[in-house]
Amino acid sequence: MQELKDRILRDGIIKRGGVLRVDSFLNQQLDVGLIDRIGAEFAKEFGGSGATKILSIEASGIAIAFAMARVMGLPLVYAKKHASRNLSDDVYKSTVYSFTRMSNTDIYVSKEYISKDDKIIIIDDFLANGSALSGLVDIVNMAGAELIGCGVVIEKAFQGGGNALRERGIRVCSLAKIISMEDNDIVFE
Ligand code: 5GP
């Protein structure tokens, strides 16, 4: 998606350890118009797939998945990162290693929101080593639902998570695929 790539080149900030900051438009301050267009792009990509639900993860996946869900007219379910009293007792739980926090986090989805009859598209902001998407794929599998594929806004291909998922036969669509991010130079595929 050219508009997204141009925005990353203009406003993205490369941090130490292979982290790309895009919080001026995607992760903290949200460019709602751009996110709407990202949602429409994913809706086009997965149009006609027969999806019944979109699954994402808090926090940054939600806005993107929301934009897509609105275009496709589908419900959006998101995994929570904290077990709290407003969560059902009956949950699917998986564990993901957070690349940005450098620690494990348990993620939860109430069983009532995904069933074996669902066909799921997973959406997140970034794909790095693939732990977040793998945790969501685990939850889809636990529910016995069908996984249609995964959509990510930015794939850092040099970290290998995307290819590992593709090798498992999972469809992964990324709107901006970064193949290297060295010397303050972002290179797209
Ligand atoms: P993974 O689980 O694929 O290693 O990492 C994906 C998750 O980590 C995403 O949900 C995202 O929140 C976060 N993440 C990974 N790399 C980056 C990055 O370079 N920048 C930002 N802002 N978030 C990242």
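The values are calculated or read from the model by the stated rules, or taken from the named source; none is laboratory data. Quick caveat: nothing in here was measured; it's all calculated off a predicted structure. Reconstructed Cβ throughout: ideal geometry from the backbone, glycine too, with neighbour counts over all protein chains shown. Quick note on the areas: whole protein, heavy atoms, side chains included, nothing else; ligands and nucleic acids left out. Shrake-Rupley method; radii C 1.70, N 1.55, O 1.52, S 1.80 Å.
Give me a count of the residues in the range 173-183 that are part of a loop (DSSP other than H, G, I, E, B) and buried (at least 17 other Cβ atoms within 10 Å of the Cβ).
Qualifying residue count, the range 173-183: 0.
Is the range 95-102 home to any residue that is free of Cβ contacts under 8 Å to residues at least 60 places away in the same chain, over 18 Å from residue 140 (Cα atoms) and either among the basic types (Lys, Arg) or open to solvent by less than 50 Å² (accessible area, probe 1.4 Å) (or both)?
Yes; the residues of the range 95-102 include at least one that is free of Cβ contacts under 8 Å to residues at least 60 places away in the same chain, over 18 Å from residue 140 (Cα atoms) and either among the basic types (Lys, Arg) or open to solvent by less than 50 Å² (accessible area, probe 1.4 Å) (or both).
Can you tell me which residue in the range 162-172 is farthest from the ligand (Cβ to nearest atom), limited to those that are touching a strand residue (DSSP E or B) at 6+ places or on another chain (Cβ under 6 Å), open to solvent by 10 Å² or more (accessible area, probe 1.4 Å) and of a type outside the set (A, V, I, L, M)?
171
Any residue at all in the range 147-161 that is surrounded by 17 or more Cβ atoms within 10 Å (Cβ to Cβ), touching a Phe, Trp or Tyr at 6+ places or on another chain (Cβ under 6 Å) and over 25 Å from residue 39 (Cα atoms)?
no
From 109, 71, grab the single residue that is away from the ligand (no atom under 12 Å from the Cβ), open to solvent by 70 Å² or more (accessible area, probe 1.4 Å) and closer than 19 Å to residue 152 by Cβ.
71
Among the residues in the range 129-141, are any among the hydrophobic types (A, V, I, L, M, F, W, C) and part of a strand (DSSP E or B)?
Looking through the range 129-141, none of the residues is among the hydrophobic types (A, V, I, L, M, F, W, C) and part of a strand (DSSP E or B).
Can you name the residue in the range 45-68 that is in a loop (DSSP other than H, G, I, E, B) and more than 12 Å from the chain's Cα centre (by Cα) and is also nearest to the ligand (Cβ to nearest atom) among such residues?
46
Looking at the range 161-172, is at least one residue within 13 Å of the chain's Cα centre (by Cα), farther than 20 Å from residue 52 by Cα and of a type in the set (Lys, Arg)?
no
Please tell me if residue 117 is more than 10 Å from the ligand (Cβ to nearest atom), surrounded by fewer than 13 Cβ atoms within 10 Å (Cβ to Cβ), free of Cβ contacts under 8 Å to residues at least 12 places away in the same chain and not in a strand (DSSP E or B).
It is false that residue 117 is more than 10 Å from the ligand (Cβ to nearest atom), surrounded by fewer than 13 Cβ atoms within 10 Å (Cβ to Cβ), free of Cβ contacts under 8 Å to residues at least 12 places away in the same chain and not in a strand (DSSP E or B).
Of 31, 11, which residue is within 24 Å of residue 73 (Cα to Cα), within 15 Å of the ligand (Cβ to nearest atom) and surrounded by 13 or more Cβ atoms within 10 Å (Cβ to Cβ)?
31
Which residue, of 39, 33, is in contact (Cβ under 8 Å) with a residue 24 or more places away in the chain and not aliphatic (A, V, I, L, M)?
39
Within the range 87-99, can one find any residue that is part of a loop (DSSP other than H, G, I, E, B), more than 13 Å from the ligand (Cβ to nearest atom), in contact with a helix residue (DSSP H, G or I) (Cβ under 7 Å, 6 or more places away or on another chain) and of a type in the set (S, T, N, Q)?
yes
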